[in-house]
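Read the figures in this text as sums done on the coordinates, not as results from a lab. Only a predicted model underlies this, so the values are computations on that prediction, with no experimental measurement involved. Methodologically, a virtual Cβ is constructed for each residue, glycine included, from the backbone with ideal geometry; neighbour enumeration extends over all protein chains shown.
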Amino acid sequence: MQQFDYTVIGGGPGGYVSAIRAAQLGFKVAVIEKRPTLGGTCVNVGCIPSKALLDSSEKYHAASHEFADHGINVGSVKIDVKKMMERKVSVVKELTDGLDFLIKKNKITVFRGTGTIQKASQEKVEIKVSGEKEETLESKYCIIATGSAPIAIPGMEIDEKQIITSDTAIALEKVPESMTIIGGGVIGLELGSVWNRLGTKVTIVEMLPDILMTLDGQMRSVARRTLQKQGLDFLFEHKVTEAKAGKKGVDIKVQDKNGEEKKINSEILLVSVGRNPYTDSLGAENVGVKINDRGRVEVDPHTLQTSVPNIYAIGDVIEGPMLAHKAEEEGVMVAENLAGKSGHVNYDTVPWVVYTWPEIAWVGKGEEQLKKEGIEYRTGKFLFRPNGRAKAMGQGDGQIKILADKRTDTVLGVAIVGPNGSELLAEAVIAMEFGASSEDIARTFHAHPTLSEVMKEAALDVDKRSLHS
Ligand code: NAI
């Protein structure tokens with residue numbers, strides 16, 4: 001039986017990053033992964049392929065609608081979906097090949113197959129790998145990083161042809177005429193944007209009164225209006241009650257909050273109503289790893305230790321936002337703590353990004369949350385429209401909003417709807433990590449002309465002294 005110090009079940013961003021950090025710290029490390037490639041949902045069928053398609057569809061949209069403004073005449077623009085998908089596949093392949101290189105470089109052993117915890121004692125955990133061959137390994141520590149899987153709606157059969165999950169929505173062979181999306185969350189908005197730009201009529205059915213309910217309410221309105229302007233249709237406070245796939249597309253029944261029904265017919269129905277933690281075949285019950293009533297592995301929030309001493313869990317399978325970077329930080333923390341270092345995750349600064357265009361990005365709290373917690377705050381806002389760089393780019397939609405503590409001026413939350421919002425957000429995350437005040441941001445050099453000047457102006461506006469409004 002092979003012996004390891006540190007075995008990770010699941011080779012997604014949480015798992016492989018944790019494995020690399022553990023190897024750097026001198027542990028003998030194994031990763032068990034049932035997919036043929038490392039990278040998990042994110043690299044294989046999530047974040048990365050969807051970003052490849054977002055980028056392709058943005059370019060298509062720009063060529064169709066924006067190039068002429070720059071004096072570039074390209075005639076009629078056509079989309080070659082096959083080529084676009086091939087590019088996406090090669091982007092993913094380059095990254096998964098890169099992961100294989102990193103794993104080898106760090107002398108990590110990869111087992112291909114499903115990992116099931118069999119036994120656990122104070123000294124070691126026994127894990128069975130069921131793959132092409134079956135083998136059992138022993139490890140001092142076991143890290144559960146098994147991620148999540150899409151939630152299915154009871155009674156709605158997903159055939160991955162007409163009624164699909166995001167796995168198929170990133171691999172369609174042609175541009176559908178129409179697509180109804182159940183769920184106005186991150187996947188619905190991103191993949192809805194991709195196909196909308198390519199010409200699909202997209203309708204998003206969301207049971208809540210708005211998109212992205214954890215984002216600041218006013219910024220949510222800015223984001224929603226921008227997306228509606230692009231042609232995305234929303235049915236808020238509606239639920240899909242029935243969907244039947246047939247020769248003439250999918251017949252969908254939706255119901256509003258008063259019980260009123262209407263029918264929609266759509267070529268494709270995408271179900272993106274969230275994800276469930278994935279603990280199938282994990283063997284949690286064999287050793288007494290507790291799973292809560294939401295299906296998440298229970299952990300001590302400071303150490304991420306499960307109810308069994310040598311077993312830890314990270315990422316989507318435990319409480320918290322299902323985000324790759326949250327899983328990565330947790331993976332690093334667990335490895336560092338087990339090596340006697342002081343690993344730490346600051347959950348107050350988890351960044352959120354929705355890769356629509358303009359991008360929607362935020363960190364920290366919104367106004368509603370601050371009011372609920374009785375925290376007094378000041379607000380600073382600035383639009384992208386007057387910013388020189390945004391004007392030169394022809395990308396004036398959106399704004400940045402900063403919320404700072406009324407008494408101490410500490411930054412409590414930053415929300416961005418705007419071009420390159422995902423990259424601009426990094427400044428806000430660092431500011432919050434360092435406990436910066438809005439005055440700190442306002443007095444920091446921001447190169448001219450850059451989009452980041454909108455952040456500086458928003459910070460100045462907290463004190464009502466923005467210079468360009
Ligand atoms: P989500 O949790 O972001 O959104 C699901 C939405 O569906 C919610 O707004 C919810 O109110 C709505 N909903 C649920 N049941 C419904 C029903 N029966 N009818 C109508 N609406 C309903 O989940 P999503 O978009 O599926 O994404 C899954 C996970 O993947 C999320 O946790 C997300 O954080 C992560 N992800 C992150 C990305 C990013 O960071 N850019 C990109 C894609 C996914």
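Among 469, 272, what is the fewest-to-most ranking by other Cβ atoms within 10 Å?
Details: 469 10, 272 24.
Ascending number of Cβ neighbours within 10 Å: 469, 272.
Can you give me the Kirkwood hydrodynamic radius for segment 1-128, using every pair of distinct Cα atoms, in Å to one decimal?
On the way: mean 1/r = 0.0582 Å⁻¹.
Taking the inverse mean of 1/r over all distinct Cα pairs, segment 1-128 comes out at 17.2 Å.
What are the lysines whose alpha-carbon lies under 19 Å from the alpha-carbon of residue 105, with same-chain residues fewer than 8 places away excluded?
Qualifying lysines at Cα under 19 Å: 28, 93.
Fewest first, what order do 69, 100 take by the number of other Cβ atoms within 10 Å?
Working: 69 9, 100 13.
Ascending Cβ contact count within 10 Å gives the list 69, 100.
Can you give me the three principal axis dimensions of segment 163-273 from its C-alpha atoms, in Å, biggest first?
42, 33, 22
May I ask you to order 173-185, 10-22, 340-352 by the average number of other C-beta atoms within 10 Å around their residues, highest value first?
On the way: 173-185: 20.2, 10-22: 28.8, 340-352: 14.0.
Ranked by mean Cβ neighbours within 10 Å, highest first: 10-22, 173-185, 340-352.
Calculate how many DSSP beta bridges within the chain are antiparallel, expressed in % of all such bridges and rounded to the nearest 5. Write down the numbers at each step before the final one.
On the way: 54 of 87 bridges.
In the chain, DSSP labels about 60 percent of beta bridges as antiparallel.
Looking at segment 373-469, what % of the alpha carbon pairs are farther apart than 18 Å? Display every interim value, and only then the final one.
Details: 1779 of 4656 pairs.
That tail contains 38 percent of the Cα-Cα pairs.
Which cysteines in the chain lack any other cysteine whose Cβ sits under 4.7 Å from their own Cβ?
If one checks each Cβ against the other cysteines of the chain, 142 turn up with nothing under 4.7 Å.
So what's the gap between the Cα centers of segment 18-42 and segment 187-250, to the nearest angstrom?
36
Do any trypsin sites (Lys or Arg not before Pro) in segment 24-81 lie in a loop, going by DSSP, with at most 11 other beta-carbon atoms within 10 Å of their beta carbon, and if so which? Mind dumping the intermediate values first?
On the way: sites: 28, 34, 51, 59, 78; in loops: 28, 34, 78.
Sites meeting the loop and neighbour criteria: 78.
Of the peptides 242-253, 296-307, 392-403, how do they stack up when ordered by the mean number of other Cβ atoms within 10 Å, highest first?
Values: 242-253: 15.4, 296-307: 17.7, 392-403: 20.0.
Ranked by mean Cβ neighbours within 10 Å, highest first: 392-403, 296-307, 242-253.
Output ³J(HN,Hα) for segment 41-53: one whole-Hz value per residue in order, computed from phi by the Karplus curve 6.51 cos²θ - 1.76 cosθ + 1.60 with θ = phi - 60°, and x for Gly and Pro.
Each residue's phi maps through the Karplus curve to give 4, 4, 6, 7, 9, x, 3, 6, x, 5, 5, 4, 6 Hz.
Which of the trypsin sites (Lys or Arg not before Pro) across segment 87-148 are loop residues per DSSP, with 15 or fewer other Cβ within 10 Å? Can you show the working numbers first?
Details: sites: 87, 88, 93, 104, 105, 107, 112, 119, 124, 128, 133, 140; in loops: 107, 124, 133.
Answer in residue order: 107, 133.
Residue by residue, what Karplus-based ³J(HN,Hα) values in Hz, rounded to whole numbers, does segment 163-175 have, using 6.51, -1.76 and 1.60 with θ = phi - 60° and x for Gly and Pro?
Values per residue, Gly and Pro as x: 9, 10, 9, 4, 3, 8, 5, 9, 9, 5, 8, 8, 6 Hz.
Using only the Cα atoms of the chain, what are the Rg and Dmax in Å?
According to the Cα coordinates of the chain, Rg and Dmax are 23.6, 70 Å.
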